[in-house]
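A short worksheet on the structure shown next.
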Amino acid sequence: MKVLQILCGGAWGGGSEIVLAISSALIARGDQVWVVTASDEQTRRFQEAGVTVVQLPFWNRPVTLWNMMNPSDVAVFMQLFKLCRKERFDLVATHTSKAGFIGRLAARAAGIRCIVHHAHGFAFRDTQKPWMRRCYVVLERIAARACHLIISVSEDHRQGAIRERVARADKIVTVLNGINVNAFGHCSMQDARRMLGLETDDALIGVASRLVEFKGLEDLIRAFSEVHRSHPRTQLVVLGEGPILEKLRQEAQQTGLGERIHFPGFRRNIPDLLAAFDIIAQPSLSEGLSIAIIEALAAGKPVVACDIQGNREIITSGVNGLLAPPSNPAGLASAFRFLLDNPAYGRELGAAAMADCRARFSKERMTRQVVSVYDDVSAGRPVMAPGRAASLENTGSQEPLRQI
């Protein structure tokens with residue numbers, strides 16, 4: 001099978017990790033895989049995996065209501081259309097909102113027989129103004145008509161899309177994200193802190209994230225300022241890169257704690273570096289199914305995340321992590337203080353998190369299910385969707401939850 005994966009978003013993140021895992025699984029069984037990339041980091045990693053890489057200009061700008069007819073997006077549409085017509089892919093899979101909109105329309109116009117969209121989270125969100133949310137719902141409905149199947153990474157988001165009539169219930173299936181769980185747990189806390197240049201006995205609160213607006217990182221810095229007043233031997237580490245880096249640095253300086261808030265930048269060895277932290281934070285205000293949270297679980301660390309769609313499918317508060325109210329620095333600070341005051345409880349949460357991650361969020365389970373869906377769509381067979389994938393596999397159930 002000859003597959004094109006269309007990926008957008010300039011910085012390396014969770015979506016990129018998912019596409020790399022799926023592409024590697026397809027290549028391992030002998031398929032040809034092409035990937036449209038949007039950054040040098042994406043290009044390098046996919047080339048190392050044996051993928052044929054295609055780079056398009058102007059591909060890292062987001063689709064918004066005010067730039068949908070931007071000439072550069074029309075140019076990208078035409079390039080994707082020509083690529084699909086020339087290479088005659090057996091299946092085109094799109095990822096992220098921009099790739100999902102332009103890519104699906106271009107593939108459909110080019111006559112591609114099988115088109116699948118991976119919804120890593122839909123473009124409409126509860127945090128948007130009502131009129132804007134409705135406009136994004138309409139765009140999602142238009143794009144859904146151009147594909148044969150949507151794979152949602154979260155059952156919460158699948159149900160939300162069905163309620164908004166993005167597509168019929170039998171046209172959207174759920175496959176939970178997965179990671180290489182065996183990559184974690186091989187580095188000591190001391191070695192990981194040394195890699196970060198932080199050889200300290202202080203408690204470290206850490207986050208690994210793309211530095212963009214909706215990740216709630218300003219809330220995290222404000223929460224840390226509150227925590228530091230009662231726990232002065234704490235430091236905050238913000239791993240990642242993105243357009244709001246300077247804004248976050250200014251926010252850190254304004255708290256008066258700039259020397260205790262660190263920005264080490266983008267790092268490739270996240271499985272090792274997570275060992276440095278006592279607590280891992282994920283304050284994002286909007287997620288599909290957060291790879292960063294799943295990685296935190298795999299590292300065996302207590303995690304504090306916002307109580308939003310998607311996160312509730314990963315974390316049961318008080319069992320394998322803690323959920324705090326979104327957009328609420330005081331709520332985050334309260335959760336951090338509780339874990340700092342109760343380290344034994346934090347270790348219990350971390351141990352439960354690691355066991356849960358291995359049971360539900362392995363890369364092998366995810367890629368097996370996605371490749372099976374691809375094969376069913378390509379062959380015109382009913383798609384046997386895993387739905388609540390982990391619980392079914394753990395009990396050995398083969399019950400088909402949804403058919404197409």
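The values are calculated or read from the model by the stated rules, or taken from the named source; none is laboratory data. If you're wondering where the values come from, they're calculated on a predicted model, not measured in any experiment. Here Cβ is always computed from backbone atoms with ideal geometry, including for glycine, and neighbour counts include all displayed protein chains.
Could you list, in sequence order, all residues of segment 342-374 that are free of Cβ contacts under 8 Å to residues at least 60 places away in the same chain and of a type in the set (Asp, Glu)?
First, the residues of segment 342-374 that are free of Cβ contacts under 8 Å to residues at least 60 places away in the same chain: 342, 344-345, 347-353, 355-356, 359, 372.
Within segment 342-374, 348, 356 meet the criteria.
The conditions of being more than 24 Å from residue 367 (Cβ to Cβ), of a type in the set (D, E, K, R) and either buried (at least 23 other Cβ atoms within 10 Å of the Cβ) or over 15 Å from the mean Cα position of the chain (by Cα) (or both) are not met by residue 158. The residues of segment 312-345 that are in a loop (DSSP other than H, G, I, E, B) and either hydrophobic (A, V, I, L, M, F, W, C) or not assigned by TED's automatic domain parsing to the domain that holds residue 284 (or both), listed by number, are 315, 319. The residue list 185, 206, 197 contains one member that is of a type in the set (Gly, Ala, Ser), surrounded by fewer than 21 Cβ atoms within 10 Å (Cβ to Cβ) and over 26 Å from residue 368 (Cα atoms), which is 197. Could you tell me whether residue 29 is more than 16 Å from residue 370 (Cα to Cα) and either at pLDDT 95 or above or basic (Lys, Arg) (or both)? No, not satisfied.
Condition check ((1) in a helix (DSSP H, G or I); (2) of a type in the set (Gly, Ala, Ser); (3) without any contact (Cβ under 8 Å) to a residue 60 or more places away in the chain; (4) in contact with an Asp or Glu (Cβ under 7 Å, 6 or more places away or on another chain)) across all residues:
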| position | (1), (2), (3), (4) |
| --- | --- |
| 121 | no, yes, no, yes |
| 159 | yes, no, yes, no |
| 166 | no, no, yes, yes |
| 198 | no, no, no, no |
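Has segment 207-228 got at least one residue that is touching a residue at least 24 places away in the same chain (Cβ under 8 Å), assigned to a strand (DSSP E or B) and in contact with a strand residue (DSSP E or B) (Cβ under 9 Å, 6 or more places away or on another chain)?
Yes, the conditions are met somewhere in segment 207-228.
Exactly one residue out of 113, 141, 133 is surrounded by fewer than 18 Cβ atoms within 10 Å (Cβ to Cβ), part of a loop (DSSP other than H, G, I, E, B) and in the same structural domain as residue 72 (by TED's automatic domain parsing), and it is 113. Looking at segment 100-110, can you tell me whether even one residue there is farther than 26 Å from residue 214 by Cβ and surrounded by fewer than 16 Cβ atoms within 10 Å (Cβ to Cβ)? Yes, segment 100-110 contains a residue that is farther than 26 Å from residue 214 by Cβ and surrounded by fewer than 16 Cβ atoms within 10 Å (Cβ to Cβ). Restricting segment 317-375 to residues that are β-branched (Val, Ile, Thr) and buried (at least 20 other Cβ atoms within 10 Å of the Cβ), the residue that is nearest to residue 25 (Cα to Cα) is 367. As a summary of the residue check, residue 168 satisfies the conditions (1) surrounded by 14 or more Cβ atoms within 10 Å (Cβ to Cβ); (2) in the same structural domain as residue 105 (by TED's automatic domain parsing); (3) basic (Lys, Arg) except for the one numbered (1).
Conditions tested, residue by residue: (1) of a type in the set (Val, Ile, Thr); (2) modelled with pLDDT under 95; (3) under 26 Å from residue 295 (Cα atoms).
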position: 2; (1), (2), (3): no, no, no
position: 14; (1), (2), (3): no, yes, yes
position: 41; (1), (2), (3): no, yes, yes
position: 61; (1), (2), (3): no, yes, no
position: 75; (1), (2), (3): no, yes, no
position: 78; (1), (2), (3): no, yes, no
position: 86; (1), (2), (3): no, no, no
position: 93; (1), (2), (3): no, no, yes
position: 99; (1), (2), (3): no, yes, yes
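Counting only helices (runs of 4 or more DSSP H) that sit completely within segment 230-302, those holding 1 or more residues that are under 15 Å from the mean Cα position of the chain (by Cα) and surrounded by fewer than 22 Cβ atoms within 10 Å (Cβ to Cβ) correspond to 270-273. Among the conditions (1) touching a residue at least 12 places away in the same chain (Cβ under 8 Å); (2) surrounded by fewer than 20 Cβ atoms within 10 Å (Cβ to Cβ); (3) more than 26 Å from residue 242 (Cα to Cα), residue 41 misses just one, which is (3). Going by what's in this entry, would residue 111 be described as touching a helix residue (DSSP H, G or I) at 6+ places or on another chain (Cβ under 8 Å) and either of a type outside the set (Asp, Glu) or free of Cβ contacts under 8 Å to residues at least 24 places away in the same chain (or both)? Criteria met by residue 111. Counting the residues of segment 168-196 that are within 18 Å of the chain's Cα centre (by Cα) and either at positive phi or in a helix (DSSP H, G or I) (or both) gives 2.
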